[in-house]
Amino acid sequence: MKDILRIALLIALPMPGAQVRIGILGLFHPPAVTLTARSIEAGGERVELHEAVGVRAAGGHVVVTVGGRELRGTRLAASGPARIRIAGRISRAYPGNVEISAREGVLLAVVAMDLENAVAAVVASEMPHASPEAAGALAVAARSYYAAGSRHGDFDFCDTTHCQLLKEADAEAETAARRTRGRMLFYQGTVVRALHFGSCGGRTFAASDVGMDGSSYPFFAVACETCARHPERWEARLPVTAVERTEAARLELGRRFGWNRVASNDYSWERTPVGVIVHGRGHGHGVGLCQRGAEGMARSGQGAESILQHYFPMTNIGR
Ligand SMILES: [Zn+2]
Ligand SMILES: [Zn+2]
């Protein structure tokens, strides 16, 4: 029975060549974008594109202006590679097909990407120009994170640090993805949602230390040499009477007082007449792979596998 379960789990995992659906540029709440693609389908028509087209939201409809005409539908499908530009804000290329819908005057774009392309984009976005072995370790973690399953409703993952930061891949990150192709972290036969973060205060946290879900993999507090030697320090002043060390509380403070005001979960705090002063070390939730520590290990000659074994004890690497 146990073996049958295990086989079923393995079959359920996305194989190389699998796709992930990622909600993109949602942070910008764009009412309009400029889209470049090979062709689009909207309002029951399919049109080959030779230049960028304007796409805007009209309530719950998507309106695209192409060749002097307006096509209107509830959904626009673009065959990629695609580029989306939000005037004055951002322009980003995506190696995949893009679907655009609209809700209350805001466009929602979702790209369907090959898992391996998404992994390369995460590596380039989270650790630009990392050493090859650190990039390799992050590629395995990023792939495992995606393979552990969807976190949203309308799409699988978003492109922010809520899931994994996803901008554009570069050649170095593509190499890291290719060298580790298909490899993932497993704990007791199940792929691990392998969390990672910017830097720690010299020691990572177990999931339970910061009130995060450790039911499928508990994570473990491990020493981090690079950050212990040179922690990244920060300070925040907040108009509250107390702070609680959980990731949920940190995110709530971010929503109230500005994103990343409490930059990590490794801090001490003191009361003042007008609030609290928080003295902290590191950036991010502190659970899983420390990117700065991984870079330090890579520079001291350690391979991707030792980096992963260090930050994810009791796991094994497989396909
Ligand atoms: Zn997300
Ligand atoms: Zn660290």
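Just so it is clear, none of the values below were taken in a lab; they were calculated from the coordinates. Computed from a predicted structure; not experimentally measured. Every residue, glycine as well, gets a Cβ built from its backbone with ideal geometry; the counts of neighbours run over all protein chains shown.
What is the Cα centroid distance between the range 19-40 and the range 201-265, reported in whole angstrom?
32
Quickly work out the ASP154-to-GLU252 label distance, labels modelled 7 Å from Cα along the C-beta direction, and quote it in nm with one decimal.
2.7
Which percent, nearest 5, of DSSP beta bridges in the chain are antiparallel?
Working: 67 of 73 bridges.
Counting DSSP beta bridges with both partners in the chain, the antiparallel share is about 90 percent.
Mind running the shape call on the range 53-137? Use the C-alpha gyration tensor, a ≥ b ≥ c as the square roots of the eigenvalues: rounded below 1.5 for a/c, prolate if a/b tops b/c, oblate otherwise.
Numbers: a/c = 2.73, a/b = 2.53, b/c = 1.08.
Cα axes put the range 53-137 in the prolate bin.
Among the complete DSSP H segments of the chain, which ones combine at least 18 Å of alpha-carbon extent along their axis with a mean Kyte-Doolittle hydropathy of -0.5 or more? Before the final figure, lay out each step's value.
Working: long enough: 132-147 (22 Å, 0.45).
Helix filter hits for the chain: 132-147.
Could you sort 189-196, 116-123 so that the peptide with the highest average Cβ count within 10 Å comes first and the rest follow in order? All intermediate terms of the calculation are to be shown ahead of the outcome.
Working: 189-196: 21.2, 116-123: 27.8.
Final packing ranking: 116-123, 189-196.
Using only alpha carbon pairs under 8 Å that are at least six residues apart, calculate the relative contact order of the chain and give it in whole percent.
Details: 723 pairs, mean separation 50.5, N = 319.
Once normalised by length, the contact order is 16 percent.
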